[in-house]
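Comments concern the structure below.
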DNA sequence: CATGCTACCTTGTAACGCAAGGTAGCATGC
DNA sequence: GCATGCTACCTTGCGTTACAAGGTAGCATG
């Protein structure tokens, strides 16, 4: 399976985009986020996620608040900042743009 | 422009896919490839491309042959191997799959 | 109070993109 | 036939990132 590496590059590329999208309407904590991503066929470990979330938080795209759990240690619930919403809007556009690029390249192949 | 970094991650993710797609029907050498990618809105430098092409060639996805130029030094023209074609078929499917993931995540946001 | 589960986080490694710098073939003009 | 410049190839060093593995600590349960 030689394509494996290229495929995981593609998945990795959209990871941040998907996370930001997932946080658009709901506060979510890490384990929940992992489940949601898994449901969308994107496998991630928490060792990947923690640094990523903390990076996004330092960039003022995300914010969090501590919420006590009824069954265990407290959780950090993340949500988008206002700036995060602006970023998401840009990302949505870029995603369309990138889709366009890919389409163009694949169309090019077929017509020539 | 905080989204910049995330956007370039997305672009980077599909770079290999686009290159393999572009080589599907035509032999191409590096400078030409850069132009084609630029036309599809993907900016790349040759310092990025050379290691990448050589990696793909070592994986037997690409092959090349030397072609003398009428106006300068000889060029390496790359094309897909048979195995490369199989990989491309897999990548096409994965691309659809990834699109599905993104769609699902964005749909999820809107309906909830 | 010991065990286990859950949640947080850090460290080390390897891969990759990219800017910068380097080599060499070939054409052109003097 | 030599100097200059263009084109094409390739390498090196740096910073970023994903990921596996390992670590800490709160809280519940028997």
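Readers should treat all values here as calculations from the given coordinates under stated rules, not as data from a laboratory. Nothing here was measured: the structure is a model prediction, and the numbers come from that model. Positions of Cβ are backbone-derived with ideal geometry, glycine not excepted, and every protein chain shown enters the neighbour counts.
Once the Cβ-Cβ distance between residue B:68 and residue B:26 is put in as r, and R0 is 22 Å, what FRET efficiency do you end up with, to the nearest 0.05?
It comes out at approximately 0.75.
Above 27 Å lies some portion of the pair distances; for the protein assembly as shown, what is it as a whole percent of all C-alpha pairs?
Distances greater than 27 Å cover 40 percent of the Cα pairs.
Which value, in nm² and rounded to one decimal, describes the direction-averaged projected area of the C-alpha convex hull of region B:4-111?
Projected area, direction-averaged: 8.3 nm².
Mind checking the mean number of beta-carbon atoms from other chains within 10 Å of the Cβ atoms in B:95-107?
5
What are the label-to-label distances in nm, one decimal and shortest first, from residue B:5 to the same spot in the other copies, with labels 7 Å along Cα to Cβ?
2.6
How crowded by other chains is A:13-24, given as the mean number of beta carbons from other chains within 10 Å of each beta carbon?
Mean shielding by partner chains, rounded to a whole number: 6.
Select the chain B residue whose beta carbon lies nearest to the rotation axis carrying chain B onto chain A, and write the distance in whole Å.
Residue plus distance in Å, as requested: B:13, 1.
Kindly provide the helix-only [θ] at 222 nm of chain A, computed as the sum of -39,500 (n - 2.57) over DSSP H runs of four or more divided by all residues, to the nearest 500 deg cm²/dmol?
Taken over chain A, the calculation gives -22000 deg cm²/dmol.
If I fit a long axis through the Cα atoms of helix A:30-39 and take the longest principal axis of the Cα atoms of chain A, what angle between them do I get, 0 to 90°, rounded to 10?
30 degrees
Along Cα→Cβ at 7 Å, what distances in nm separate the residue B:27 label point from those on the other copies, shortest first?
Ordered by increasing distance: 6.3 nm.
Ordered shortest first, which distances in nm separate the 7 Å Cα→C-beta label point of residue B:97 from those of the other copies?
2.8
Angle check, please: helix B:46-58 long axis (alpha carbons) against the longest principal axis of chain B (alpha carbons), in degrees 0 to 90, nearest 10.
Orientation of helix B:46-58: about 80 degrees from the principal axis.
Gap in Å between the Cα centre of region B:54-111 and the Cα centre of region A:22-87?
32 Å
From other protein chains only, count the Cβ atoms within 10 Å of every residue's Cβ in B:84-92, then give the mean.
3
Round to the nearest 10 and give me the degree value, 0 to 90, for the angle of helix B:4-22's Cα axis relative to the longest principal axis of chain B.
50 degrees
Build a GNM of chain A with springs between Cα atoms under 10 Å: which of A:90, A:27, A:68 gets the top mean-square fluctuation?
A:68
Counting only DSSP beta bridges with both residues in the protein assembly as shown, what percent are antiparallel, rounded to the nearest 5?
Bridges in the protein assembly as shown that DSSP calls antiparallel: roughly 100 percent.
Would you list A:71, B:69 from fewest to most Cβ contacts within 10 Å?
Lowest to highest Cβ neighbour count: A:71, B:69.
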